[in-house]
Amino acid sequence: MDSSSDLQAHMIPATPHLSAQTNAILVDDSSASMQVDQTENSVVARDGMQNGGTELVIYNSKRLQDDLQMIGLKIKQHEDHIKLLKSQSLKLGDSILDLQVNLGKYHSAKVDNEDHSNHQNEEETTGQILQHEKSAAGVLCQLKTRHCTQASHLTFTKDVLGIVASLGQLEDENLSSLLSEYLGVDTMLAIVCKTFECVKALETYDKEGHIIKSSGLHGLGASIGRAIDGRFLFLRTFNV
């Protein structure tokens with residue numbers, strides 16, 4: 001009995017000590033597990049952040065590449081447009097040059113035709129005036145066309161502007177015909193002078209008011225075989 005009691009006495013205090021050690025081991029294991037979980041979570045979070053940052057960089061890089069590609073396409077389109085415009089500008093310049101050459105030829109031909117037409121009209125008008133042989137206008141035209149050397153020495157013809165038929169020509173033949181009909185033959189054959197002295201020199205009178213046939217345009221007509229019949233009409237201009 002004594003030995004059994006002693007054995008129980010020695011065994012009873014050993015149980016609390018073992019329990020404390022076991023609790024300590026459990027606590028240590030729990031702390032270690034928590035630390036491992038926290039480490040793993042931090043690693044996962046860090047990996048997730050790194051992966052998200054990498055994806056964002058890749059996305060932004062691709063977006064920039066797409067933008068650069070789009071800008072490159074637009075630049076190429078503008079360059080193609082510029083080339084097309086330059087080509088069209090060169091063609092337009094050539095066309096303008098051709099038009100200028102053709103226009104110059106047209107104007108030159110037109111001027112030549114107008115000069116030729118005007119010359120023909122003047123010749124026709126002069127021929128019609130010369131048909132009036134006994135008129136002052138006929139004598140004056142013959143003097144200028146066939147006796148120009150003699151006419152250049154006559155002082156009283158220097159202030160003569162011309163004859164109404166020659167001075168009153170119009171580009172439109174119909175208007176010229178209407179003007180001729182309206183004015184009449186006598187007016188169309190009138191001599192236009194710049195000064196009154198020219199008028200007095202072309203036709204002179206004696207004291208009785210008769211025409212002196214040997215002087216002025218009457219005497220000149222008689223000298224070339226075209227005596228003027230009667231008086232003729234004068235027109236004097238002012239400020240010409």
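Here are a few things to note about the model shown:
- Test: residue in the range 212-227 that is in a loop (DSSP other than H, G, I, E, B), small (Gly, Ala, Ser) and in contact (Cβ under 8 Å) with a residue 40 or more places away in the chain: yes
- Candidate set from the range 184-211 (those that are touching a residue at least 12 places away in the same chain (Cβ under 8 Å) and of a type in the set (Ser, Thr, Tyr)); member that is farthest from residue 126 (Cα to Cα): 204
- Per the conditions (1) modelled with pLDDT of 80 or more; (2) among the polar types (S, T, N, Q); (3) out of contact with any helix residue (DSSP H, G or I) (no Cβ under 8 Å at 6 or more places or on another chain), the sole criterion not satisfied by residue 152 is (1).
- Residue that is modelled with the lowest pLDDT [pool: residues in the range 172-211 that are outside any loop (DSSP other than H, G, I, E, B) and of a type in the set (D, E, K, R)]: 173
- Options 169, 142: the member that is at pLDDT below 80 and either surrounded by 13 or more Cβ atoms within 10 Å (Cβ to Cβ) or among the hydrophobic types (A, V, I, L, M, F, W, C) (or both): 169
The values are calculated or read from the model by the stated rules, or taken from the named source; none is laboratory data. All of these numbers come straight from a predicted model, not from anything done at the bench. As a convention, Cβ positions derive from the backbone with ideal geometry for all residues, glycine included, and neighbour counts pool all protein chains shown.
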